[in-house]
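The values are calculated or read from the model by the stated rules, or taken from the named source; none is laboratory data. Note that the structure is predicted; figures quoted are calculated from it, not measured. Please note: Cβ atoms are built from the backbone with ideal geometry, for glycine as well, and neighbour counts cover all protein chains shown. When the accessible area is computed, the model is the full protein with side chains, heavy atoms only, and any ligands, DNA or RNA have been set aside. Shrake-Rupley method; radii C 1.70, N 1.55, O 1.52, S 1.80 Å.
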Amino acid sequence: MLTVPGAQGATMSSRPDRLPDDVVPSAYRVALECDVEAGTFGGMVTIEVDVAVAAETIAMNSLGLGIGRAEVRSGGAVVPATALIDDEREQVVLHLATAIGPGPATIDIAFTGRVADDLLGFYRSRTEIDGEPHWIGVTQFEATHARRAFPCFDEPAFKATFELTVTTDAAQRVLSNEAEIAGESLADGRIRHRFATTMVMSTYLVAWVIGPFEVTEPAIAGSTAVRVAHLPGKGDMSAFAQRCGVHAVEFFEDYYGIAYPGSKLDLVAVPDFAFGAMENLGCVTFRETLLLIDTERTSRPEQERAAITIAHEIAHMWFGDLVTMSWWNGIWLNEAFASIMELICADDDRPDWDVWTSFGTAAAEAFETDALGATRAIEFEVATPEDAEAMFDVLTYQKGCSVLRMFEQWAGATRFRDGVRSYLREFSYRNTETEDLWRHLGTATDVEVAPMLNSWILQGGHPLIEVHPTESGVRLTQQRMTFVGGDAAPDQQWIVPVRLAAEVNGTSIEIDLALAEASTDISLKTTPTWVDANVGASGFYRVIGAGGFDPFCGLLDRVSQLDPIERFAIVDGAQSLLLAGRITLADAVRAVRAIASVETDASVWRRLASIVSSWVALAPDADAVDALRRLAVEIAAVDRPIEALADALGPDLAAARLRLAGAIGDQPEVIAAATEMVLADHDRSLGGDLSAALTEIAACSGDAALFDRLDERRRHAETPQEEVRLLVALSMFDDPVLVERFCTLCATEVRVQTAPLALAAGMTRRGTGAVVWRFVRDRWDDLGDRFPSPLVTRMLGGIRAFTDDDTVADIARFFENHELPQAPLALAQHLERTRVNAATRRRLTPGFAEALR
C-alpha cells in the first residue's frame, strides 16, 4: 500500500476525499464474472472519459478491490498505467507512462474482489428454499459503495451511461437497471447476461441482483412494464406491490408531467437488506417486509409502510435518478422530496388510510431529535463518506419532508407542483443544488422561497410559537424549542409559514401569514375565543397558549371538531411541552383524556399509547406505575370480548386500544383472553392487526413455554411481517432469563437486517430494558462485527428510552471509551436524550401519582 496524491490536474478539489473534475466519465462498460457462493468476483471496466487538461495521473474511487492490468487509450495510442491504491481516500490513482489529453480517452481496468457479508457494496446473503441453502448476490451502492464493486468515479455529479454484462451460474437469474438483451451459454455451463445501456445516471444507482428469483408477469403502467421479483414460493404475496407500483408510475407521470425515465421497472424483494429499500433505476430493491404483502395476514400499518415505501422509491425515478443532487450535502432534498411524494401518492391511492395522520408518528421522531441541543441543520457540508452516511436519519427524511409539506400547504399544492414540474424539466439528466429548486418554487408560488426555506434547512432546531391574547387579536412570538436537561442551544429565528384559525364573535376565520420576526401582532378586532395556530397540523413547530390562554389555546374544548391529524398534534405537542418544562404532567394528562374521549383514528391511539408507555418509564415508584396502568385501562375502555371489539371498531383501532389496555395497563381480562387465543393459535385467524397485538399482550405476562411457542412460530412464520412481529414479541417478556435468550437469538441466528432493530425495541421495556442494554454493552465489539454499521446506529437508538440515573450514568461511562465512528452526532443525540429523560423523571417525581387523577 502506498499513500499517493489524489490529483491529476489543475482543478484538484480542495477537499481530499473529492475527485478532481478535469477527467469526466461519459460511459461505462462493466463486465463481471461472479461466483456468489464462493464469494468472489472480478472483471473489466471500460470507461469513456473527457480529459480537460493534459494529465499524467487519473484518480478514481476504489475500495477493497484488487487492481490488475490498467491502461488508457488516447489519440490512437495505448498508454500503460500503474495503479496505486490510497485506502484512506478510497481512491486508486493511475500513473500513466506518458501524459494524455486534452480530449477523449478510454480507461481499461481489470479488477477482482470479495463479495461482502455486511449488506453494503456487492454483498451476498444466504437463504433456504425447500430446505436447501442458496446464496443471493445483491448490490447496495448508496451512498459511496459502488467503489467496492468496480473502479469508478463514485460521486453523484459524475453522471454517465452504464452497459453491464454479468457472467454467473446458469441456475441464477440476473436482474439489473435495464432489460436483458442477450444471454450466451458458455462451455463451462455458465451464462453471460448482457443488459441494455442505461440512461445517464450516477454510480450509486447502478444495480444487479443474482439469485434463484422468480418474476411476475408484467403489469403495464402507461408504457412501462412493472414486475415483482421474489424468491420461489412467495409469488402469492406479490400482487399488492405490483398494484402499488402501477399506481405510483401512473400517478408520478401525471404529477411530474414527464414520462417514466427508464425502460422497465422491477421491484425486487431480497431477504437481507440494511435499509428499507433502494431506488436503483429500473431495479428497485426492498426488504421482503416492505414488498411482499398478504393482505389477509398483514396489519394495516404494515400495508401502509409497504405502499408508501414503494411510492417513495418510484418517486425517486424522477427526483433523484433523472435529476440528481450535485453532491451529498443535497441528499436531504432527494430523500425529503421522495418522502413527501410517497404520502401524496399513497393518499391519492388510498384516501381512506389517512396517511398524513399516520405520518405524524414519524414526524414526532423528528420533532424529538430536533429539540435537542445536538440536532443539526438539515443540509450541512459533507466532506467524507462517513458524513454522507450520517445524512440518512430522521432529520433528512422526516424533518425535511415536514418542512416541504409545511411550505406546500401554505403556498398551495398546485403551485408547488408547478414549480416541481418546471424544475424537473430544466434539469433532466443533470445535477442540481438546493437553490435551483428554490428558484423554480419561487417563480411558481410568487414567494421569496430561499430566505424562508433556508431558515429551516441551514440551521438546526424548530420554533415554539407562543399565542398571547390581546384586546384586538393575538400576538405570536417565536423562540427555539428545547428540552429541560438538554444541551445548550443558541437563540434563533425562522421565517415561519403560519396557517392560523380563530373564533371571533362566534365566527371562525382563517389567516395565512409569514412570521419573520421574534413577535408579531395579528388584528382580529377583538380577543378570540380559541386559536389554532397550526391549521391542519402541517407546520413543523410547536404551539403553546400564554397570557390569558390555557396551554392548548382553547382547543381541548372543541377536540371533536378537529381533524385526527390536529388531535394527533395536540397530544404529541403536549408530550414535547412536558419535556420542555412548559406544561405540567396534569396538563398533559388532561390533553390525553380529552383526545381519547372522542378519538376514532388508530394512528392517534398508537401515539396516545406510546405517550402513556413513556410515562411508565418516568414513573418514580410502584404507586405511580399502578396509577398509570389505571389511566391506560380507563382511556382504552376495552369493555367487551376481543372479537366483538374488533367488529365494532375495526381491527386496526381495536388492536391499538387492546395494546394500551393489555400491554401497558395490565388489564387482567385482556391478558387472559389474549393468552388463550395465542396458545390456541386462534390469533392467526383474526388478521395481522389483532394477531400482532395479541401476541405482544400475551408475551408481556408470558412464561418460558409461551416463549418457546412464539419462537417456534417465528422460525416457521407464514409471512415476512409475522417473523418480525414475533421477534418483537419475544423482546417483551418480563422474565430476565427469557430476555437473555431473546438477546442471544439476536446475536447469533436472527437475520442481521432485523436483529439490531429488535434489540433496540427490547431496550424500551421498563425493567427488562436494562437487561438488553447490558447485553449490548458487554458484547459491543462482537455485535459491531456482526451487524452492518448503519444498523448498529439504529440499535443504539434504544437507549433513548432509559430514564433512571444509574442506567443513564452507566451508558455515559461506556461511551467515554467507545465510539460510534459512522454516526458520532447520532450518538451525541442519543446520550443527550437520556439526560433529558433523567432530568424529567427527577422533575416530575413530586406529585407524580396525584397528577394522574
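Sorting 190-197, 610-617 by their mean Cβ neighbour count within 10 Å, with the most densely packed peptide first, gives 610-617, 190-197.
Can you list the aspartates and glutamates whose alpha carbon is less than 12 Å from that of Lys264, not counting same-chain residues fewer than 8 positions off? Excluding near neighbours in sequence, the set is Glu178, Glu180.
Note on Ala704 and Thr295: the model spin-label points, each 7 Å out from Cα along the C-beta direction, lie 4.5 nm apart. When the Cα centres of region 360-387 and region 787-845 are compared, how far apart do they sit, in Å? Spelled out, the Cα-based centre of one part sits 16 Å from the other.
For region 196-209, 3J(HN,Hα) computed residue by residue from phi via the Karplus equation (6.51, -1.76, 1.60; θ = phi - 60°) reads 5, 6, 7, 6, 5, 7, 7, 4, 5, 9, 5, 8, 8, 10 Hz, glycine and proline entered as x. According to the Cα-based calculation, Rg over Rh for region 426-576 is 1.02, with Rh computed by the Kirkwood formula. For the listed peptides 818-826, 63-71, 358-366, a ranking on the average number of other beta carbons within 10 Å per residue, highest first, reads 358-366, 63-71, 818-826. The value of relative contact order for the chain, using C-alpha pairs under 8 Å at least six residues apart, is 8 percent. Histogrammed with a bin width of 5 Å, the alpha carbon distances of region 47-159 distribute as 2, 11, 19, 19, 17, 11, 8, 5, 3, 2, 1, 1 percent, first bin at zero. Summary of the geometry: region 479-538 and region 410-467, compared by the centres of their Cα atoms, lie 21 Å apart.
Determine the per residue accessible area of the chain with all protein chains present and a 1.4 angstrom probe, expressed in square angstrom. That works out to 35 Å² per residue.
Rg/Rh for the chain stands at 0.97; both radii use Cα atoms, and Rh follows the Kirkwood definition.
Over all distinct Cα-Cα pairs of region 669-727, the Kirkwood formula returns a hydrodynamic radius of 11.1 Å.
Annotation for Thr197 and Glu740: the two label points, set 7 Å from Cα along the Cα-Cβ direction, are 6.3 nm apart.
Taking Thr807, Thr748 and ordering them by how much accessible surface each has at a 1.4 Å probe, largest first, produces Thr748, Thr807. Report the relative contact order of region 24-95, percent, no decimals, based on alpha-carbon pairs under 8 angstrom and at least 6 residues apart. This gives 25 percent for region 24-95.
Of Tyr429, Tyr28, the residue with the largest accessible area leads and the full order is Tyr429, Tyr28 (1.4 Å probe). How much of the pair distance distribution for region 21-72 lies past 12 Å, counting alpha-carbon pairs only, in percent? It works out to 74 percent of all Cα pairs. Model label points for Ser685 and Asp348, set 7 angstrom from Cα along the Cα-to-Cβ axis, are 4.2 nm apart.
Both radii were evaluated on the Cα set of region 213-285; the Rg over Rh quotient, with Rh as the Kirkwood radius, amounts to 0.97.
For Gln91, the amide hydrogen comes within under 5 Å of the amide hydrogens of Ser62, Asp86, counting only partners 5 or more places away or on other chains and with H modelled in the peptide plane. Just the number, please: carbon plus sulfur as a percent of the accessible area of region 277-402, 1.4 Å probe, no ligands or DNA/RNA counted. On region 277-402, the fraction of accessible area on carbon and sulfur atoms equals 47 percent. Here region 155-182 and region 78-128 have alpha carbon centers that stand 17 Å from each other.
Over region 703-771, the ratio between the Cα radius of gyration and 2.2 N^0.38 Å evaluates to 1.00. Checking every one of the GluC sites (Glu not before Pro) in region 257-332 against DSSP loop status and a limit of 13 other Cβ atoms within 10 Å picks out Glu296.
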